[in-house]
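The values are calculated or read from the model by the stated rules, or taken from the named source; none is laboratory data. On a predicted model such as this, the values are computed, not experimentally measured, just so you know. No Cβ is skipped: glycine too gets one built from the backbone with ideal geometry, and neighbour counts run over all protein chains shown. Accessible surface is based on the protein model in full, side chains and every heavy atom, while ligands, DNA and RNA are left aside. Shrake-Rupley method; radii C 1.70, N 1.55, O 1.52, S 1.80 Å.
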Amino acid sequence: MLTIDQDRLLSEIDALARITAVEPPAVTRIVFTPADLKARAWMRARCEDAGLRVREDAVGNTFARWEGSHRAAPAVGTGSHIDAIPNAGKYDGVVGVLGGLEAIRALRQSGFRPRSSIELLIFTAEEPTRFGVGCLGSRLLSGTLTADAAGRLTDSDGATLEIVRREAGFGGDLERVTLTDCYYKAFIELHIEQGPLLERQQIPLGIVTKIASPASLRVLVEGSGGHAGGVLMPDRRDALCAAAELILAIETAARTSGAIDTVATVGICDVFPGAVNSIPGRVRLSVDIRDTDLQRRDIVMRAIEAASHSISAKRQVSINSELLNADAPADCSPAIIEALSQSCRKHELNFLPMVSRPYHDSLFIARIAPVAMLFTPCRSGYSHRPDEYAAPEDIVRGTLVLAETLAALSE
Ligand SMILES: [Zn+2]
């Protein structure tokens with residue numbers, strides 16, 4: 001009989017939320033800052049208390065292992081992240097880490113003995129806050145990011161990851177972080193949905209079938225500045241007007257892709273010099289394009305490129321795009337999806353097959369192992385803000401289904 005200890009799980013979620021660089025209830029835990037290091041030490045102690053063997057790799061990814069009877073066999077993994085963007089809430093990532101730990105404790109207490117080892121994995125820096133790259137730990141684990149490129153990443157103070165991680169106590173060789181593709185036989189990430197669909201449809205669990213992934217561009221539009229009174233309209237090469245056209249073209253490209261899964265966002269628009277009486281001479285945009293289908297996403301990217309050319313020619317401005325990343329979307333494993341579904345059916349829990357629009361560490365682990373994700377509802381779909389909320393019963397249901405599925409996969 002599998003029992004999830006709701007009180008212990010919730011009190012641990014609260015305790016972890018109190019380890020923050022800002023005034024609670026807001027949670028800020030940026031990778032390798034004192035709050036993050038304190039949270040890591042706290043997590044390590046929880047894992048050791050649970051009887052798990054803990055190891056950390058050179059970038060601080062933390063593995064807590066329950067050894068199975070078949071030690072040499074690939075492990076069944078679960079986990080998520082505990083780093084948090086500035087002014088975040090207490091559930092993003094944490095539900096998957098503490099839920100994963102509780103799932104393992106519940107299985108141990110039930111007398112279950114795994115054949116394949118079951119391992120909790122706490123990823124380093126899922127959030128891009130410090131080094132500008134999301135899913136740093138899982139990119140390295142999956143070989144998506146090379147050790148060299150990772151080591152050279154810098155934070156806003158110009159400190160390299162290589163220096164910062166060593167100062168945080170993580171030495172060793174970044175080259176050795178990569179896992180082989182027979183390390184995990186399956187990996188499941190439990191996570192709050194970070195969207196409104198489950199709550200809206202009053203469905204307690206979401207089983208993710210595909211993880212969408214972003215392509216990010218940095219676009220620089222350069223025209224010609226000048227005095228807002230002195231330069232007459234026919235003579236202008238206003239960078240912001242050109243950028244405005246481009247932003248609308250980006251929206252149109254996503255809206256007309258033919259699929260609801262295509263989204264495109266311009267989240268940053270920096271205007272230079274940014275004065276009321278000065279014509280904008282330069283504009284920097286950030287563009288984030290996501291889809292579950294790589295081909296469709298690439299069509300949108302080509303449409304944006306074509307729009308850049310025509311706007312640039314028409315308005316006599318230069319438009320340069322730099323591709324920051326273009327990760328491929330991932331499909332979840334049908335076998336793990338089926339195992340999760342079976343557990344839901346056993347408990348008569350309704351579930352929604354769904355797409356994960358935010359991306360997660362599982363997107364990268366999918367390159368080296370079969371993965372799936374289990375979503376729990378969150379209030380109003382809010383996430384990355386202090387009033388992020390997930391109901392106790394939803395967290396417990398997710399943890400129960402996770403535990404059963406880990407057990408089934410480790411037989
Ligand atoms: Zn997350």
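Per-residue packing, averaged as other Cβ atoms within 10 Å, sorts the ranges 317-329, 101-113 into the order 101-113, 317-329, beginning with the highest. Full extension of the chain between PHE272 and ALA72 yields a length gain of 66.1 nm, computed as 0.36 nm times the residue separation minus the alpha carbon distance. Using the average count of surrounding beta-carbon atoms within 10 Å as a protection proxy, the listed peptides 355-368, 270-283 rank, highest first, as 355-368, 270-283.
Of the solvent-accessible surface of the range 1-72, computed with a 1.4 Å probe over protein heavy atoms with every protein chain present, carbon and sulfur atoms account for 51 percent.
Per residue, the accessible area of the chain comes to 43 Å², computed with a 1.4 Å probe over protein heavy atoms only. With a Förster radius of 45 Å applied to the C-beta separation of LEU324 and HIS227, the computed FRET efficiency comes to 0.85. Taking N as the residue count of the range 26-147, its C-alpha radius of gyration divided by 2.2 N^0.38 Å amounts to 1.07.
Note on the range 141-199: percent of Cα-Cα distances in each 10 Å bin, starting at 0 and stopping at the bin with the largest distance, equals 17, 33, 27, 20, 3.
Grab the alpha carbons of the range 22-65, take their convex hull, and tell me the volume per residue in Å³. Could the numbers behind the result be given before it?
Values: hull volume 3.3 nm³, N = 44.
It is 74 Å³ per residue.
Bridgeable aspartates and glutamates around LYS314 (alpha carbons under 16 Å apart, same-chain partners fewer than 8 residues away excluded): GLU222, ASP235, ASP238, GLU245, GLU305. Working from label points 7 Å from Cα in the Cα-to-Cβ sense, the ARG302 to LEU197 distance is 2.7 nm. For the pair ALA391 and LEU220, a Förster radius of 35 Å applied to the C-beta separation gives a FRET efficiency near 0.20, rounded to the nearest 0.05.
For the range 266-318, the gyration tensor built on C-alpha atoms gives an oblate shape. Its axis ratio a/c (a ≥ b ≥ c) is at least 1.5, and a/b is not larger than b/c.
Computed about the Cα centre, the dipole magnitude for the range 38-118 is approximately 280 debye when only Lys and Arg (+1) and Asp and Glu (-1) carry charge, each at its Cβ. For the chain, the residue among VAL287, GLY68, ALA103 whose Cα projects farthest onto the positive side of the dipole built from Cβ charges is GLY68. Once you reduce the range 4-74 and the range 329-365 to the center of their Cα atoms, the two points are 23 Å from each other.
Length available on full extension from ILE163 to GLU411: 0.36 nm per residue minus the Cα-Cα distance, which gives 85.1 nm.
In nm², what is the average projected area of the convex hull enclosing the Cα atoms of the range 164-311?
Values: hull surface 61.2 nm².
Its average projected convex-hull area is 15.3 nm².
With q set to 0.18 Å⁻¹, the log10 of I(q)/I(0) for the range 105-229, from the Debye formula over equal scatterers at the Cα positions, is -1.17.
If you wrap the tightest convex hull around every Cα atom of the range 241-340 and split its volume per residue, you get 120 Å³.
On the accessible surface of the range 203-343, probed at 1.4 Å, how many percent belong to carbon and sulfur atoms?
Numbers: 3810 of 6960 Å².
Of all accessible area on the range 203-343, carbon and sulfur atoms account for 55 percent.
Listed by chain and number, the aspartates and glutamates placed with their C-alpha closer than 13 angstrom to that of LYS38 are ASP83; residues fewer than eight positions away on the same chain are left out. Diagonalising the gyration tensor over the Cα atoms of the chain and scaling each eigenvalue by 5 before taking the square root yields semi-axes of 41, 23, 20 Å, largest first.
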